[in-house]
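The structure appears right after this line, and notes come after that.
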Amino acid sequence: MRFWEDTGQPFDIHTRLESRSISFENRDGGKGRGGMSASPLGIGRKGDPARFVAPGECIELWDIAGPGTIRHLWMTTTQSPEIMRATVIRGYWEGSDHPAIECPLGDFFGFAHGWTPPFESKVHSVGQRNGLNIWLPMPFTRGARFTLTNELDYQIPLFYQVDYTIGDGHPETIGRLHTCFRRSNPTVLRQDFEFMPRREGVGKFVGTVLGIRPLAPQWWGEGEAKFYLDGDSDFATIVGTGAEDYAAISFCIQQTPFRFHGVNWRERDDRIDTGRVSMYRWHLPDPIFWKTDIRGTIQQIGLNGSNPATADAYKAMFVERLDDWSAASFWYEASPSASLPALCPLAERIADLPTVEPV
């Protein structure tokens with residue numbers, strides 16, 4: 001039985017799976033071991049709901065022996081763009097010494113620039129006061145270890161809960177979730193932004209969260225997304241028609257968060273060509289498979305005019321641009337897997353974020 005079928009129909013009650021959860025109230029997910037700490041109200045009365053993560057501290061969120069599947073992660077902390085980019089979540093599968101998931105907290109939970117209004121997609125849901133959720137299944141066979149690092153010079157509060165099952169019957173060939181964050185501020189002229197780094201082996205690309213901060217006036221979103229698959233060199237197998245088109249939006253940017261695609265934040269409603277944009281595309285009903293290798297890029301091309309009368313006039317308006325792009329990409333790949341590209345330093349991650357008062 002495949003892992004996404006293991007839970008059966010909502011009314012099925014017979015299964016080999018066992019449900020578990022880890023939070024500060026039950027750090028190892030032990031059966032009958034939750035809520036054992038004491039508060040002034042007594043033992044088991046909200047004794048350990050949250051911690052403060054010290055400056056520079058790396059805390060272990062969980063270390064679970066497999067087989068199992070992480071099915072949901074909820075987390076919250078202070079609603080601040082700086083915190084969302086300066087705290088880093090890392091995930092290690094099957095005892096690996098390097099992470100398969102390495103991403104700033106906000107981007108891992110579905111939004112760029114460290115801030116978003118409430119929204120829901122097939123993969124994420126984020127509440128008004130920074131309730132962060134991710135619903136992608138994360139299977140493993142021998143072990144799953146996750147950490148969170150606070151790279152700021154002040155402490156942050158942290159609440160979290162991970163919900164998972166044990167006893168899942170996963171084959172060793174199953175894909176483990178990988179997540180990588182990239183930012184280019186600014187991009188390089190005529191050098192396409194690489195949102196999916198080159199990976200070798202076999203895998204399935206499932207989606208990305210893109211952040212754009214336009215650095216010049218006029219429309220910026222004519223660049224085409226491209227996936228180079230299984231030996232592609234100069235030309236890609238999968239090529240789109242424009243940046244907003246990749247997020248399955250059309251004719252510039254509208255704040256429209258849908259299940260598998262959309263824009264969860266558009267900073268300015270009065271202009272189509274200025275202001276930050278956070279958008280996403282989930283390839284869950286239409287995954288991108290590769291057998292030997294993959295690489296994903298998107299061009300930085302804009303327009304130097306508007307309202308062309310013909311297709312030739314439209315193409316004559318294209319211009320290469322420099323803008324600020326970020327991406328958190330998600331894919332499944334076998335284990336063991338190669339190391340991810342190095343995460344960009346803190347100063348690069350938190351530069352030029354929006355000014356939003358912490359909540």
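The values are calculated or read from the model by the stated rules, or taken from the named source; none is laboratory data. In this text, all values refer to a predicted model and were calculated from it rather than measured experimentally. Cβ: placed from backbone, ideal geometry, glycine included. Neighbour counts: every protein chain shown. Each accessible area value is taken on the protein alone, full model and side chains, heavy atoms only, with ligands, DNA and RNA left out. Shrake-Rupley method; radii C 1.70, N 1.55, O 1.52, S 1.80 Å.
Summary table
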quantity	calculated
Total residues in segment 173-191, condition out of contact with any Asp or Glu (no Cβ under 9 Å at 6 or more places or on another chain) and either open to solvent by 30 Å² or more (accessible area, probe 1.4 Å) or in a strand (DSSP E or B) (or both)	3
Test result for Ser335, surrounded by 15 or more Cβ atoms within 10 Å (Cβ to Cβ), at pLDDT below 95 and assigned to a loop (DSSP other than H, G, I, E, B)	yes
Arg281 vs. criteria out of contact with any Pro (no Cβ under 7 Å at 6 or more places or on another chain), without any contact (Cβ under 8 Å) to a residue 40 or more places away in the chain, at negative phi and not hydroxyl-bearing (Ser, Thr, Tyr)	no
Selected residue [touching a residue at least 40 places away in the same chain (Cβ under 8 Å) and under 25 Å from Phe109 (Cβ atoms)] from Gly207, Gly201	Gly207
Positions within segment 25-75 being within 24 Å of the chain's Cα centre (by Cα) and among the polar types (S, T, N, Q), in sequence order	Thr69
Residue count, segment 8-63 (criterion: free of Cβ contacts under 8 Å to residues at least 12 places away in the same chain, of a type in the set (Val, Ile, Thr) and open to solvent by less than 100 Å² (accessible area, probe 1.4 Å))	1
Segment 212-237 residues that are closer than 18 Å to Pro197 by Cα and hydroxyl-bearing (Ser, Thr, Tyr), paired with ones that are part of a loop (DSSP other than H, G, I, E, B) and at pLDDT below 95 (beta carbon under 6 Å, 6 or more apart)	none
Segment 157-178 residues that are at negative phi and of a type in the set (A, V, I, L, M), paired with ones that are at pLDDT below 95 and crowded, with 17+ Cβ neighbours inside 10 Å (beta carbon under 8 Å, 6 or more apart)	Ile166/Leu17; Ile166/Gly66; Ile174/Phe3
Output for segment 21-33, where each listed residue is under 18 Å from Met75 (Cα atoms) and assigned to a loop (DSSP other than H, G, I, E, B)	Phe24, Glu25, Arg27, Asp28, Gly29
Segment 204-227 - residue that is under 19 Å from the mean Cα position of the chain (by Cα) and of a type in the set (Phe, Trp, Tyr) and, of those, farthest from Gly242 (Cα to Cα)	Phe205
Some residue of segment 197-220 being open to solvent by less than 10 Å² (accessible area, probe 1.4 Å) and among the hydroxyl-bearing types (Ser, Thr, Tyr)	yes
Residue within segment 164-174 that is over 12 Å from Pro67 (Cβ atoms), modelled with pLDDT of 95 or more and among the aliphatic types (A, V, I, L, M) present	no
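Matching residues to (1) touching a helix residue (DSSP H, G or I) at 6+ places or on another chain (Cβ under 7 Å); (2) free of Cβ contacts under 8 Å to residues at least 12 places away in the same chain; (3) of a type in the set (Asp, Glu):
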{"position": "Phe260", "(1), (2), (3)": "no, no, no"}
{"position": "Arg276", "(1), (2), (3)": "no, no, no"}
{"position": "Phe289", "(1), (2), (3)": "no, no, no"}
{"position": "Ile294", "(1), (2), (3)": "no, no, no"}
{"position": "Tyr314", "(1), (2), (3)": "no, yes, no"}
{"position": "Arg321", "(1), (2), (3)": "no, no, no"}
{"position": "Ala347", "(1), (2), (3)": "no, yes, no"}
{"position": "Ala351", "(1), (2), (3)": "no, no, no"}
{"position": "Pro354", "(1), (2), (3)": "yes, no, no"}
